[in-house]
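J.: Sharing a structure with you now.
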Amino acid sequence: MSIPSNNEKSNQNEPQPAELEETAKRKCKLDKAQLAKKAAEGVNPKLGKRIGGCRSWISLDLLEHLKTHEKARRVRKTYSCDVNKFCPVCAWDNAQEVSKDLRGRLAALKKAGIEYQQIFLTLTVRNCALDKLRQTLAAMSVGWRRLMQTKRWKEAVTGGFFRGTEYIGDRTPKGQAHPHFHAILLVSSSYFKGSSYINHDEWVQMWRKAMRLDYDPVVGVERITERRRKHQDEVAAAVAEVAKYSVTPSTIERLTSKEFGLLYKQTKGLRQFAYGGELAQILPLLEPDDFNSEEWKALGIELWSWGAGRYVLSRRD
Ligand SMILES: [Zn+2]
């Protein structure tokens with residue numbers, strides 16, 4: 001896809017629309033991590049080109065609300081690299097979609113009158129060498145399946161789960177990977193008072209056994225309530241924690257091209273997110289579309305191009 005050139009100098013002064021700010025922020029992270037260069041050198045030039053062109057231009061619909069005359073912009077078309085695991089722009093976009101889907105499923109369960117409590121579970125193993133990541137993730141996947149087959153899990157996790165995988169932490173030493181799972185588990189409403197309750201020590205032992213480890217792994221378990229804490233909805237915070245980067249942009253920044261190439265190959269084709277149980281079965285309740293075509297009319301189209309850390313207006317029709 002060709003990238004439109006910016007040939008009208010006067011447009012350089014147009015402020016970047018608020019609707020593009022978040023994308024611009026992520027695009028800066030992509031540039032700072034030199035991801036396109038690392039992908040070209042560490043994987044192949046084609047992938048580098050693909051990532052380098054991600055959101056290098058965005059066309060927007062200009063809209064006006066028919067009653068309130070409020071003005072808004074909506075993305076009409078863009079080019080995305082879709083390297084969801086590593087591109088800071090696409091990973092963020094994907095996380096928004098995944099969170100929306102999960103919220104829709106939780107809302108659908110609630111609407112159906114099925115009440116669940118939620119717990120937030122983090123399962124880790126000791127760090128492995130970067131070139132052993134794939135093998136370690138495969139073992140963790142088997143471990144998760146074994147965990148799900150235990151009587152204790154079946155009694156406790158009655159509503160299913162949503163799980164995300166992270167590969168490297170921000171403080172993981174060079175040359176190593178820190179694969180771990182974050183998961184939201186749906187447990188029955190009597191879980192915290194009944195015999196199906198699993199305490200932290202038991203989770204550690206269950207994960208150790210499922211993974212066939214000869215040490216006690218680091219495990220985190222927390223109850224998620226619907227309360228608001230520190231101005232944030234706990235459920236939304238947990239959803240965001242699971243549906244986030246598999247590797248943060250600052251970690252990618254620290255990787256050499258060779259290390260990035262290795263990470264890319266080690267995780268190629270692997271799914272970052274997984275659903276299970278009732279949560280996997282239920283259809284998400286859709287959130288209303290912000291731009292219902294019966295309420296908004298189109299005023300025009302703008303084309304914005306990426307240059308020097310921000311989007312610059314190239315054309316307005
Ligand atoms: Zn991208």
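Please treat every number below as a calculation from the coordinates, not as lab data. Predicted model, so just to flag it, every value in this text is computed and none were measured. Here the Cβ positions follow ideal geometry from the backbone for every residue, glycine too, while neighbour counts run over all protein chains shown.
J.: So, of the residues in region 258-317 that are surrounded by 15 or more Cβ atoms within 10 Å (Cβ to Cβ) and of a type in the set (Gly, Ala, Ser), which turns out to be farthest from Pro17 (Cα to Cα)?
T.: Only one residue fits best here, namely Gly277.
J.: Consider Asn127 against the criteria (1) surrounded by 15 or more Cβ atoms within 10 Å (Cβ to Cβ); (2) at positive phi: it satisfies all of them except one. Which criterion is unmet?
T.: With respect to (1) surrounded by 15 or more Cβ atoms within 10 Å (Cβ to Cβ); (2) at positive phi, Asn127 is out only on (2).
J.: Something else about it: Evaluate region 287-296: report whether one residue or more is over 29 Å from Lys77 (Cα atoms) and of a type outside the set (Ser, Thr, Tyr). Let's see the steps before the verdict.
T.: So in region 287-296, the residues over 29 Å from Lys77 (Cα atoms) come out as none.
No, every residue in region 287-296 fails to be over 29 Å from Lys77 (Cα atoms) and of a type outside the set (Ser, Thr, Tyr).
J.: To continue, here is another question. When region 23-38 is examined, which residues are found to be over 20 Å from Ala95 (Cβ atoms) and either β-branched (Val, Ile, Thr) or buried (at least 20 other Cβ atoms within 10 Å of the Cβ) (or both)? Break it down stepwise before answering.
T.: Narrowing region 23-38 to residues over 20 Å from Ala95 (Cβ atoms): 34, 36-38.
Matches in region 23-38: Ala36, Lys38.
J.: Can you say whether Trp207 is surrounded by 19 or more Cβ atoms within 10 Å (Cβ to Cβ) and part of a strand (DSSP E or B), as far as the supplied structure shows? Break it down into steps so the answer makes sense when it comes.
T.: Numbers: surrounded by 19 or more Cβ atoms within 10 Å (Cβ to Cβ): yes; part of a strand (DSSP E or B): no.
So Trp207 fails the test.
J.: Considering region 8-22 alone, what residues qualify as being surrounded by fewer than 19 Cβ atoms within 10 Å (Cβ to Cβ) and within 16 Å of the ligand (Cβ to nearest atom)? Show your work before the answer.
T.: Applying the first criterion (surrounded by fewer than 19 Cβ atoms within 10 Å (Cβ to Cβ)) to region 8-22 yields 8-19, 21-22.
Matches in region 8-22: Glu22 only.
J.: Of the numbered conditions (1) within 23 Å of Ile114 (Cα to Cα); (2) out of contact with any Ser or Thr (no Cβ under 8 Å at 6 or more places or on another chain); (3) buried (at least 18 other Cβ atoms within 10 Å of the Cβ), Glu234 fails exactly one; give the number of that condition.
T.: So the condition that Glu234 fails would be (2).
J.: Do we find a residue being in a loop (DSSP other than H, G, I, E, B) and under 30 Å from Val247 (Cβ atoms) anywhere in region 183-194?
T.: Our first condition is that a residue be in a loop (DSSP other than H, G, I, E, B); within region 183-194, this holds for 189-194.
From the residues that got through so far, the ones that are under 30 Å from Val247 (Cβ atoms) too are none.
Within region 183-194, none of the residues are in a loop (DSSP other than H, G, I, E, B) and under 30 Å from Val247 (Cβ atoms).
J.: For Glu222, indicate whether it is surrounded by fewer than 19 Cβ atoms within 10 Å (Cβ to Cβ) and assigned to a strand (DSSP E or B).
T.: Details: surrounded by fewer than 19 Cβ atoms within 10 Å (Cβ to Cβ): yes; assigned to a strand (DSSP E or B): yes.
In short, yes.
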